[in-house]
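One structure is given below, encoded as structure tokens.
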Amino acid sequence: METCYMDIDGISFCHGMNSLAKNQYPNQVIEGTFKPQTKGGQTIMKGYYLVLGITYFTILPNLRVKFVGYLYDETIDVTNLILDYKGGCGQRTFKWPNDFVYSFNHSNPNINNITSDNSSLVVVGSNFCNSSDYINILIDGIQIDKSNIILIDHELFEVKYNQIYCKSINVNIISGGLQSNIFKFDFKPLPIKINSVPKSKGGLIIITGHRLSSQANNSDISINIGKYVCKNVISIQNEINCYIDGISSGNATIGFHVNISINGIVNDNELLFSFDVPFISDFILPQVFGQLVNFTSYGLNVNNYNNIPTLTLMDNSTIKSINNNNSKEYSTHIYSFQIPKGCGRNQISISIGNQTTRTEFYYELPIISSCSISSDQIIRCLGNFANYVNYYNNGKIKIQFSNGIVDDDILEKKIIFESDFFLFPLRPEYGSGDISLIVCDDTSPILKVDISPLIKYINRNPIFNSTGGELLIIGENLIPNTGDNTSIYCFSNQQLYNCSFVNYTSISCNIELGGPFDQICRINFNGKSNNNITISYLPPIVLKSTIISNSSVGGFITIIGNEFYNEIENISVGKSSCSNITFINSTTISCFIEPSILNNNQQLLQQQYINVSINGKSGGDYFIFYSQNNSGDNKINNGKNGLNDGSEHDQNDNQIKPEASSSSPTQNHHHHNNNHHYNHHLLIKSENYQIIQQHLEININNRNNNNNVSINNGNNSINNRNYSNNFTIPAIILPKNN
């Protein structure tokens, strides 16, 4: 049978093939691994039955991938198909008409090279993907915030990153779940300027530039100027001082390469040193609003002694010297120039007769005196910034913190920069580090800021209820990650309870650990073990009680409250003890009040203190426990007001009565050896209450006025007590939950 198809370009072709239902196709067999480049391109897929029943490949959900060439051309090897893959990121899945699926990922990302322009890193390689949703970039194992990604493409990405020290960093990228190689990049020292000294005497060498120090406390720094060693090296961030000896006459004096090594990292830029070249030194840094500055010149040719020097700025503007003060040594002169307002580093040249020397000066930089962090996570830094507000407003000042530039565009609250302070909100990715101001590409002195999370206090010895409670940790510099890394370990049940971030000053830990015994737990704060705390539990709380009908026979009462445990030590009602104690749940207990002789209503209505003791802790309240007429009523006693559950009901509404029966009393009696057995099913008329124990079994041994009665109430029994024939039967009655 001839079967015809139309390919993805709309070209029809036919071939001979037996028609099969899709469920009759054999499963495809993929040989090797299909790993295309993320940028796409022609990629080979090897296997069998790859094109059975299809004219193009489908990547879920509905992306079509064409073959290269015509499917049934004799030149195509259907076991080695070339796919015109358009690129993508992460894991993807092919699907055939017979529902066979094959999942694949792309080739691993690879970093080939890294460059830096002091404010960002530019990384070149392959298979990076072109979407930040699929990637994670790590520097020294720490993931950078995606807001710092400037550009991401398949073969290049750029991230904001500034490093003021000479050091090595490790960079890698995870793209679509695939790890790249780890690329080591060196932030090398960058010397820019070096002075000259007389060859006969030698002298102090001052080298200025960038990254001329190490972050490590003990650094190995060596300076070689040509074949000469510069000794007694002192490194101060962007400046190195050392001393070079003089050389004998006859040796070369110009064109020596300056090599700086800091912990094995060597500069690769070219800076040349020469002896006996006029140089400028000993000048103060001008203020940004402009200032008269004195420059001291050394090594002048005697023929230029009386010439007036000219200073040329970077914008090619010139300034004539105002004062010429010569020292007794003919080669040393002091010249004064009125420097205009400006900021940052300025390369200048000073021409004196036929001699020209090139140097640079820096405008005075602001100094950050201190920084603090408020409870609402705002960093506030103090200093004298009055001369720099306009530069900030014009975009010439940036705040550098935690190895990055504080970007006003991504902050929830804007940066405020005033004459004596600036402030900005903390972000979760910020860590403890150096803060400085970049003024016209020049960096101010750094100040270390510690924003490590810390505990201020904990609600120590907290009081929990019967179901547990909340432990609140109050601290500073807390972030969501701090809450995730904080937990409480309790020793009694060997259980670890996780905590959660509430805000920047508090972390909450919910501990579901019941009492009544005090617990000792340990705080693990931000991944580190902290102090132990003791958790105590509330004493019993009594809210309500039922009353009994006859003080002379006593009876069962039901006590409603909180913080009850099955560890009850004692219950007393006034001067009477309460026996046959039953723990029902954490809010309900019952007991039997011993009989007492109360002769009048005044005694009956007198409030008596009920005291419940559990595990050495006691709690209670005053209640009326006997009905006024001793008539056999059972009521809910809400406490001092003596009302029935706070509402007015007819007394008879809450009476306990025998269940109605069609049989006579004698039919309900079972006679055996003069023993009488009564089964009473008790009912409550009021719909406001529920009966917990509604079946009471009563055995009366004799028919005399004084009877020996045995009352079995659930698991409680009262034996060998004398009661009159007329008595009411206590029951446990609870208010219904509305």
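Among the residues in region 157-168, are any open to solvent by 20 Å² or more (accessible area, probe 1.4 Å) and within 30 Å of K86 (Cβ to Cβ)? Yes; the residues of region 157-168 include at least one that is open to solvent by 20 Å² or more (accessible area, probe 1.4 Å) and within 30 Å of K86 (Cβ to Cβ). Only strands (runs of 3 or more DSSP E) whose full extent lies in region 155-239 are considered here, and the ones with at least 3 residues that are under 43 Å from the mean Cα position of the chain (by Cα) are 156-160, 167-175, 183-187, 190-194, 202-210, 228-236.
A residue that is closer than 30 Å to C371 by Cα, of a type outside the set (D, E, K, R), surrounded by fewer than 16 Cβ atoms within 10 Å (Cβ to Cβ) and in contact with a Lys or Arg (Cβ under 6 Å, 6 or more places away or on another chain) cannot be found anywhere in region 522-531. Only a single item in (1) open to solvent by 70 Å² or more (accessible area, probe 1.4 Å); (2) farther than 30 Å from P453 by Cβ; (3) not in a strand (DSSP E or B) is not met by Q338, and it is number (3). Taking into account only those residues within region 537-555 that are surrounded by 21 or more Cβ atoms within 10 Å (Cβ to Cβ) and under 46 Å from the mean Cα position of the chain (by Cα), which is modelled with the lowest pLDDT? The residue in question is Y537. Scanning region 115-126 for residues that are of a type outside the set (S, T, Y) and within 30 Å of the chain's Cα centre (by Cα), which turns out most open to solvent (accessible area, probe 1.4 Å)? Among them, the one singled out is N118. Within region 381-420, if we keep just the residues that are of a type in the set (D, E, K, R) and open to solvent by 70 Å² or more (accessible area, probe 1.4 Å), the residue that is nearest to K341 (Cα to Cα) turns out to be K396. Tallying residues that are more than 25 Å from C166 (Cβ to Cβ) and either open to solvent by 70 Å² or more (accessible area, probe 1.4 Å) or at pLDDT 90 or above (or both) within region 249-294 yields 9.
The listed residues are D145, D99, D153, D133, and the only one of them that is more than 22 Å from T38 (Cα to Cα) and open to solvent by 60 Å² or more (accessible area, probe 1.4 Å) turns out to be D99. Every listed requirement among (1) charged (D, E, K, R); (2) in contact with an Asp or Glu (Cβ under 8 Å, 6 or more places away or on another chain); (3) under 30 Å from G433 (Cβ atoms) is met by D186 save one, (2). For region 197-248, the candidate set comprises residues that are at pLDDT below 90 and of a type in the set (D, E, K, R); within that set, the residue that is surrounded by the most Cβ atoms within 10 Å (Cβ to Cβ) is K199.
For region 385-472, the strands (runs of 3 or more DSSP E) that sit wholly inside it and include 3 or more residues that are closer than 16 Å to P366 by Cβ and touching a Lys or Arg at 6+ places or on another chain (Cβ under 8 Å) are 421-425, 433-439.
In this structure, is N611 of a type outside the set (A, V, I, L, M, F, W, C) and at pLDDT below 60?
Considered against the rule, which asks whether it is of a type outside the set (A, V, I, L, M, F, W, C) and at pLDDT below 60, N611 comes out as no.
Considering each of P61, P36 in turn, give the residue that is over 21 Å from G125 (Cβ atoms) and in a loop (DSSP other than H, G, I, E, B).
P61
Residues in region 344-360 that are open to solvent by less than 20 Å² (accessible area, probe 1.4 Å) and modelled with pLDDT of 80 or more: G344, I348, I350, I352. Of the numbered criteria (1) on the phi > 0 side of the Ramachandran plot; (2) free of Cβ contacts under 8 Å to residues at least 24 places away in the same chain, the one N127 fails is (2).
The values are calculated or read from the model by the stated rules, or taken from the named source; none is laboratory data. Everything quoted here is computed from the prediction, not taken from an experiment. Cβ: placed from backbone, ideal geometry, glycine included. Neighbour counts: every protein chain shown. Surface areas here come from the heavy atoms of the whole protein model, side chains and all, with no ligands, DNA or RNA. Shrake-Rupley method; radii C 1.70, N 1.55, O 1.52, S 1.80 Å.
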